[in-house]
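FYI, it's all coordinate maths here, none of it is from the lab. Since the structure is predicted, the reported quantities are computational estimates derived from the model, not experimental observations. Using ideal geometry, Cβ is built from the backbone for each residue, glycine included, and neighbour counts are taken over all protein chains shown.
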Amino acid sequence: MEKRKLGRSGLEFAPIAFGGNVFGWTADEATSHKLLDAFVDAGFSFVDTADVYSRWVPGNKGGESEAVIGNWLKKNPAKRDKVLIATKCGMDMPSVGQGLSPAHIKLSVDASLKRLNTDRIDLFQSHRDDKDTPQEETLATYGELIKAGKLRAIGASNFEAPRLAEAARISKEKGLPRYESLQPHYNLCERALFEGDLENECLKEEIGVIPYYSLASGFLSGKYRSEADVGSAKRGAGVKKYINPRGLGILEALDTVSKKTGSDPTQVALAWLLQRKSITAPIVSATSLAQLKDLVAAPAIKLDAESVATLDKASAPAS
């Protein structure tokens, strides 16, 4: 299977990342472990989570997803070298704090290592920008943690182009670790936030891109075509905003290309991402083995120029 490199970090993996936001939320621990086993057995290795997953669930306080992964690794120690674990800090953690100050990063890294039951984190990401902390301090702290062997590489999430460019400049000038990846909100429905200055910065600096919400909260699977379809879905609010003429036009284009390629809308939406020069691997989530089997088939689908043009036209951002 094709492997892709994450920036200049040397980290390589098959081009689908499993989003661990569902662990401890819509997938219980037993189901999560079965999904992780199946993901690795299918030849994939990149697992993405964050310290705050899933604090939004009543009764949770954050760290649940990392703990689920950690318990899986405890049961399967031989699989640690088969996976790349990515996590994040910076969002508000109850009784812990937020931001990218040296103290908070160090506290967060140690807490994540303990929950994940591992001695190193392959990719540690700044979950969101912290304009109250000088970027040099943040990057220098990451440098200390890399030297200590706790982290292998660092990435950014939800950064704007000017701040990502500033971080790249500081890394070069000060000889500090550089952000090897960016995790933006990007999919066929959400193109305007990433395309343009942010995408150009990633291409210029060879920053790997691992977009989240790759399927627009499930809308791009094609199973939500009216508000009645949404019903009581847990991600209903995230889906309803796409049920409009543009969104339905995107689904129509996905249907057309799906028939042509003998696949389904989910796989085509991911294949479209994978064929963009800037994208390293989309982050996807599954709560059943059937869903996972569908997702991991996407890298095998190759879209011709006509299919890409059909999708580009239907999803073009409003000018």
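Here are the numbers:
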{"quantity": "Cross-link reach list, aspartates and glutamates versus residue 172, counting only Cα pairs under 17 Å and skipping chain neighbours closer than eight places", "calculated": "136, 137, 144, 180, 201, 205, 206"}
{"quantity": "Residue order, fewest to most beta carbons within 10 Å, for 212, 53", "calculated": "212, 53"}
{"quantity": "Efficiency of FRET from Cβ geometry, residue 8 and residue 316, R₀ 45 Å, rounded to 0.05", "calculated": "0.90"}
{"quantity": "Rounded to 5, the percent of DSSP beta bridges in the stretch 4-315 classed as antiparallel", "calculated": "10 percent"}
{"quantity": "Rounded FRET efficiency, nearest 0.05, which uses the C-beta distance separating residue 229 from residue 289 and R0 of 25 Å", "calculated": "0.60"}
{"quantity": "Dipole in debye (nearest 20) - the chain, about Cα centre, beta carbon charges: Lys, Arg +1; Asp, Glu -1", "calculated": "480 debye"}
{"quantity": "Unit charges on C-beta of K, R, D, E only; dipole of the stretch 218-286, Debye", "calculated": "200 debye"}
{"quantity": "Reachable aspartates and glutamates from residue 241, criterion Cα separation under 16 angstrom, eight or more residues apart if same chain", "calculated": "190, 227, 229"}
{"quantity": "Dipole in debye (nearest 20) - the stretch 187-248, about Cα centre, beta carbon charges: Lys, Arg +1; Asp, Glu -1", "calculated": "560 debye"}
{"quantity": "Listed peptides 199-205, 37-43 by packing density, highest first (mean Cβ within 10 Å)", "calculated": "199-205, 37-43"}
{"quantity": "Surface/4 of the Cα convex hull for the chain, nm²", "calculated": "15.9 nm²"}
{"quantity": "Placed amide H near residue 186: partners under 5 Å, 5+ positions off or other chain", "calculated": "212"}
